[in-house]
1. Kindly provide the helix-only [θ] at 222 nm of the chain, computed as the sum of -39,500 (n - 2.57) over DSSP H runs of four or more divided by all residues, to the nearest 500 deg cm²/dmol?
2. Can you give me the Cα centroid spacing of region 146-215 and region 88-141 in angstrom?
3. Between Ala101 and Val241, what length in nm is gained on full extension when 0.36 nm per residue of separation is reduced by their alpha carbon distance?
4. Using only alpha carbon positions, build the gyration tensor of the chain, then give the equivalent ellipsoid semi-axes as the square roots of 5 times its eigenvalues, largest first, whole angstrom.
5. Extending each Cα 7 Å along its Cβ direction at Gln64 and Leu109, get the distance between those two points in nm, one decimal.
6. Helix 69-78 versus the longest principal axis of the chain: what is the Cα-based angle in degrees, 0 to 90, to the nearest 10?
7. Rounded to whole Hz and in sequence order, give me ³J(HN,Hα) for region 15-28 from the Karplus expression 6.51 cos²θ - 1.76 cosθ + 1.60, θ = phi - 60°, writing x for Gly and Pro.
8. At 10 °C and 1.306 mPa s, what whole-number value in µm²/s does Stokes-Einstein give for the translational diffusion of region 94-153, with Rh from the Kirkwood sum over Cα pairs?
Amino acid sequence: MPSPDTAGPLQAGRTLRPVGDRGLLLELPGLPEVLSVQAQLQEHPVEGQVDVVAAACTVLVTVQESCQVGALGDRLRAMDPSLPAEQDDRLVTIEVQYDGADLAEVARLTGLSEDAVITAHTATPWIAAFGGFAPGFAYLTGGDPRLEVPRRDSPRTVVPAGSVALAGTFSAVYPRESPGGWQLIGRTTAVLWDAHRIEPALIRPGNRVRFAAVRELVEVAAMPAEAAPVPPDGQAGLTVVDPGLYSTLQDLGRPGRMALGVAEAGALDRAALRQANRLVGNAAGSAVIESLNGGLVLQAVEDQVLAVTGAHVDLAIALPDGREREASLCAPFLLRDGEVLRQSPPVSGLRAYTAVRGGFAGEEVLGSRSTDSMSGLGPPALVNGVVLSVGPPERSAVGSAELPRRPGAPDVLRVVPGPRDDWFDDDALARLCGTDWTVTAQSNRIGLRLDGPPLTRTREGELPSEGTVRGALQVPPSGLPVLFLADHPVTGGYPVIAVVTSADLDRAAQLPPGAVLRFRT
C-alpha cells in the first residue's frame, strides 16, 4: 500500500514522516517549536483532526480518515513554528520523600552526594513540557543539568505509583503502578490523575513544578468503594456467572485524548463490535462485552435480546427446567429471564463480542465505558456475580442474521513504512514483509508480541520518546516487533519500522497465540 503523500518543501530542521495511513509525524529543531505547533493545531484544528501529541522534538497528528492526510501535510508544511505558544504557567508544588531505590545510583552517575542530588532536584521549578506514556504522566524539563542520567539498563516490571524519577534531561512522577525504566529517587502521595476532576491531570503542559523535600509523607487512605450491584443509569439486565479468562466492557473508546496520556482503548475488533450492535438494534458505539478465548457465562435478569460476534464460539442456552437450546453466532436471539448463555472456547479467532439490546449502561469515564488495561481507566474487568445494567432500547429494529467473517491462514496485514524505518538496515522492511511471524503467549490488549528472525538496527542509542499509534510495529533492542493494539502507550522510545493500516487492524485482534501472520506494503 503506498505511503501518504508527504512530498513538498520543508524548512531546514523540519521533517515530515508518515505514521500509518491516518497520521503524520513532524520533526522540529526543539521543544519551543513543538509547543508552538501543538498550540496552533489546538486553536485551529485541521479537518478531521483527532490527536495532537507533543514530544521533545516531534509532533504526532492523526486524522479520522486517510483521505484527510494530504490536507494535514499541507497545513504542517505551511505552519510557522517560531510563533510563541501561550502556556499555563501556574505553579504546582509536590512534596517528596527522597528515599528512591536509585538515589544512590543517581548520585554515583552524577558525581554528587545524595543530599546534593536532592538539593539540585528541589532548587528551581521544572517546566511541564508535554504529557504521554500514561494519564497524568508529564515530562518535566529545565532542571539542573547535572541531573542528566540514562535510563536503567533493565526496566522494572513494576514501578510504584507516586515514584519520582529521572531519565535523560527529564524528571517525572509515575501516576500509577506501571512498568518503567527511569531512575527512582523518591516518592509522593500527590494524586497526579483523577478522571473525576474537572481537570483530570494535576500537571498540565506549561505548568511550573516545584519539588519540596519532606521527612515523612502523609498517607491519605482511599475511601472503600461500596458495592453497587446495579448502576443507577440502567435496569438490571445480565448477571455474570463466569467471566471466562478475561472479559471487559468495551465501546469505541476515547479518541482525541492522547495529549493527556490517554490512549483510545475500546474494542480491539471494532467491526465485530459494530456488527453485534447492529444485530440488536443499538447505536454502533454502544458498550458490549469483549471476551478473551470464550468461556463467558451470562444469566438474564428479565427477557433480553442478545447477539454474539467475533471469534467463532458455540452458544448454548440452559433453561430453568434443565433443557438446553442453541443460539446462532452473528444473529439476534432472545435470552429469557433466568436462562443462562454459555460460550464455548473458540473454534477460530480469539475475542467474542456480546451485545444486548439497549447497550450496557454504567458510568462513563472521559466519554467512554471502555476498560483500558494500560491506564486503568474505565470499569474493572468482569467478575463472578456482577450484575450488568442495560439501557433503554433504541428505536432501531433488530437486525437480520449475518455471515461470520472467515479469517485467512496466515493472515496478511498491510503496512505503511515508517516513521522510523531508517533506523534499520536496507533489507529490514523486506524481511519484515517476507517473514511468517508467530504471535506469542505474551500478547494482550496492549500489543501482539511477535516471534521470528530479529530485525537489525543500524543506529545506536535511544530514540527520544515520541507519539505512537494503534497499529505501530515497534522494535525493541531484541529485534522482535510488537504490534500495538488499542491499549498501547501514548508515547514510546523504540523505533517504529511500519504501521498496520486502519482497515486491517480488526483482524489482528482475532489472532491467538501460535497464529501466523505476514505483512505487506
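1. Theoretical 222 nm ellipticity from helices: -3500 deg cm²/dmol.
2. Here the answer is 8 Å between Cα centres.
3. Numbers: separation 140, 0.36 × 140 = 50.40 nm, distance 4.32 nm.
Between Ala101 and Val241, full extension yields an extra 46.1 nm.
4. Details: eigenvalues 333, 162, 93 Å².
Semi-axes, largest first: 41, 28, 22 Å.
5. Going from the Gln64 label point to the Leu109 one covers 4.4 nm.
6. 20
7. 9, 10, 10, x, 10, x, 9, 9, x, 9, 10, 9, 8, 10
8. Working: Rh = 12.7 Å.
The calculation lands on 125 µm²/s.
Read-outs: derived from the displayed coordinates by stated rules, not from any lab. A quick note: this is a predicted structure, and the numbers were derived from the prediction, not measured. Methodologically, a virtual Cβ is constructed for each residue, glycine included, from the backbone with ideal geometry; neighbour enumeration extends over all protein chains shown.
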